[in-house]
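**Student:** Sending over a structure as structure tokens; questions will come in a sec.
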Amino acid sequence: MRVLIVDDEQVIRNVCEDFLKRLGYETVSVDNTDAAMRVLETSAVDAMLLDVCLPGTDGLTFLRNMRQNAHYPQVIMITGHGTIDMAIQALRLGANDFLRKPLNLLELEAAVLRCEQASRASRRSTRLLSVRPQPVAARFIGRSAFTKDVVHQLDLAAQSGCQNLLLYGETGTGKEVAARMFHDLRYGKECPFVAVNCPALPDNLFESELLGHVKGAFTGAIADRAGAFELASGGVLFLDEVADLSPAHQSKLLRVLETRRVQRVGDLREREVNVSVVAASNRSLEACVEDGTFRADLYFRLNVFAVTLVPLRQRIEDIEPLARHFLQQYAVRVDLQDCDISDEAIQVLQKQPFPGNARELRNQIERAAILARGKTIQAAHLGCDSSLSRLSVSE
């Protein structure tokens, strides 16, 4: 683990560096917050010892400003003039610990160890909750008026700074693609995008997964862990099929949306999160409110800006560009050269209802490409009838 020491006293920096290096940690030390920010911007830092009284920007102000960065390190505040109010303020701003000078080295070791455990748990949570990097900007493929309208609406929502976006659409219409496009337009592809499948959240782990927990909060909580809201801070949290949340879970979600603050399970303090929430549903939330399965106040909170993705059968013009896009993706993945799809095959696809929408089209294109064996996909490669079987055998 790499520890950044920010203190204007040379003696404190030397003592901390020597002690932490003996414990096996990498260290770097600076005497002001401007230098600290340069270190944070140019290298990976897992934990930081941050003095309160510093020349220029003081430690508490620096901590408050640093929270805008979704990837700021674990923080241990240190001071020679601390008060209870100052400690409470530091913890509310996201500090992990508050130590008074002269430093007790055993207390420092314990605090840094807690930071190490929290950092490790956060990285593990990041993997489990699929914070997915965006190699290229997410985009909608298609040339229909419906698709152009969706792109326009997502751009409007992003440019206006919308924090709650609601996406409607049948399964496979591209709700996550729309969420990613909003993310890229609003924040840029380098910021976090966290996707959570609401129906897959176990009832007993809902709070832990979304809000996080602290060590010892329940059996099996062996370390602090950030939840999806904290991991998505500075970017987008995508809640897929939000209509499937239970009433109890809806109530907890509403609280976070109203305050933009989370309280980890077992923790006494709240943490601010700067996150845009994109909720998706294949059912009308308004209808769910009417039948009593969805909270009206949560619906109104989510329904700041709603975008509806129409099924593929209503935008036939998009089938050809989507089919060629999926074929190109498959060709790159399996290293096929000069693969293509015939006009006749496109016409066959345009006559299909596609109840599974774009997802079904993608699967059908990949299956046809396998049967075509690197050659041009023909109409006979689409479907599962006897003529297709004879074609695949004869070729």
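The values are calculated or read from the model by the stated rules, or taken from the named source; none is laboratory data. Remember, it's a predicted structure, so these values are computed and weren't measured experimentally. A quick note on method: Cβ atoms are made from the backbone with ideal geometry, for glycine too, and the neighbour counts reach across all protein chains shown. To get the accessible areas, we keep the full protein, side chains included, count just its heavy atoms, and leave off ligands, DNA and RNA. Shrake-Rupley method; radii C 1.70, N 1.55, O 1.52, S 1.80 Å.
**Student:** Length gain on complete extension for the stretch Asp343 to Gln10, per 0.36 nm per residue less the alpha carbon to alpha carbon distance?
**Tutor:** 112.5 nm
**Student:** Between Asp155 and Asp297, what FRET efficiency comes out of the Förster formula 1/(1 + (r/R0)^6) with R0 = 41 Å and r the beta carbon distance, rounded to 0.05?
**Tutor:** The computed FRET efficiency comes out at 0.90.
**Student:** Another one. Can you compute log10 of I(q)/I(0) for the stretch 280-338 with the Debye formula, treating each Cα as one identical point scatterer, at q = 0.12, 0.14, 0.17, 0.28 Å⁻¹?
**Tutor:** Listed by q, the Debye log ratios stand at -0.55, -0.64, -0.72, -1.10.
**Student:** Go through Thr57, Thr27 and list them by solvent-accessible area, largest first, probe radius 1.4 Å.
**Tutor:** Thr57, Thr27
**Student:** Now, a different point. For the stretch 1-42, state the average projected area of the convex hull of the C-alpha atoms over all orientations, rounded to one decimal in nm². Could you put the intermediate results ahead of the total?
**Tutor:** Numbers: hull surface 10.7 nm².
If I average the Cα hull's projected area over directions, I get 2.7 nm².
**Student:** Could you give the accessible area per residue of the chain, probe 1.4 Å, as a whole number in Å²?
**Tutor:** 48 Å²
**Student:** When the C-alpha atoms of the stretch 200-279 are aligned to their principal axes, what extent does each axis show, in angstrom, from largest down?
**Tutor:** In descending order, the Cα extents are 31, 25, 17 Å.
**Student:** Another question about this same structure. So if I restrict to the alpha-carbon atoms in the stretch 259-395, what is the Rg, and what is Dmax, the biggest pairwise distance, in Å?
**Tutor:** Both quantities, over Cα of the stretch 259-395: 22.4, 70 Å.
**Student:** What do you reckon, how do Phe326, Phe193 stack up by accessible area (1.4 Å probe), largest on top? Before the final figure, lay out each step's value.
**Tutor:** Values: Phe326 20, Phe193 0 Å².
Per-residue accessible area, sorted high to low, gives Phe326, Phe193.
**Student:** Along the principal axes of its C-alpha atoms, what lengths does the chain span, in descending order and rounded to whole Å?
**Tutor:** 83, 52, 41 Å, listed from the longest principal axis down.
**Student:** Calculate the translational D of the stretch 130-259 in whole µm² s⁻¹ from Stokes-Einstein, where the hydrodynamic radius comes from the Kirkwood formula applied to all Cα pairs, the temperature is 4 °C and the viscosity 1.567 mPa s.
**Tutor:** 81 µm²/s
**Student:** A further question on this structure: On the accessible surface of the stretch 192-299, probed at 1.4 Å, how many percent belong to carbon and sulfur atoms?
**Tutor:** C and S fraction of accessible area: 48 percent.
**Student:** Also, quick follow-up: Tell me the net charge near Leu154. Cut-off is 12 Å between Cβ atoms, Leu154 excluded, with +1 for each Lys or Arg and -1 for each Asp or Glu. All intermediate terms of the calculation are to be shown ahead of the outcome.
**Tutor:** Values: positive: Arg139, Lys148, Lys175, Arg180, Arg186; negative: Asp149, Asp155, Asp184.
Summing Lys and Arg as +1 and Asp and Glu as -1 gives +2.
**Student:** Probe radius 1.4 Å, ligands and nucleic acids left out: which of Asp46, Asp244 has the largest accessible area, and how do the rest follow?
**Tutor:** Asp244, Asp46
**Student:** Quick one: net charge around Leu257, please, counting Lys, Arg +1 and Asp, Glu -1 for every other residue with C-beta under 13 Å from its C-beta.
**Tutor:** Details: positive: Lys252, Arg255, Arg260, Arg261, Arg295, Arg301; negative: Glu258, Asp297.
Result for the neighbourhood of Leu257: +4.
**Student:** Right, something else. Express in whole angstrom the spacing between the alpha-carbon centres of the stretch 196-237 and the stretch 277-292.
**Tutor:** Result: 23 Å between the Cα centres.
**Student:** Report the semi-axes of the equivalent ellipsoid for the stretch 157-204 in whole Å, largest first, where each axis is √(5λ) for an eigenvalue λ of the Cα gyration tensor.
**Tutor:** 21, 14, 11
**Student:** Residues with beta-carbon under 13 Å from that of Glu41, excluding Glu41: net charge, scoring Lys, Arg +1 and Asp, Glu -1?
**Tutor:** -1
**Student:** Still on this structure: Starting with the highest mean, order 195-202, 31-38 by the number of other Cβ atoms within 10 Å, averaged over the residues of each peptide. Let's see the in-between values first.
**Tutor:** Working: 195-202: 15.2, 31-38: 17.2.
Order by mean packing, descending: 31-38, 195-202.
**Student:** Multiply the residue separation of Thr308 and Ala110 by 0.36 nm, subtract the distance between their alpha-carbon atoms, and state the gained length in nm to one decimal. Show your work: numbers first, answer last.
**Tutor:** Numbers: separation 198, 0.36 × 198 = 71.28 nm, distance 5.15 nm.
Residue separation times 0.36 nm, minus the Cα-Cα distance, leaves 66.1 nm.
**Student:** Determine how large the accessible area of Lys252 is when every protein chain is in place; take a 1.4 Å probe and give Å² rounded to the nearest 10.
**Tutor:** Roughly 70 Å² of Lys252 is accessible to a 1.4 Å probe.
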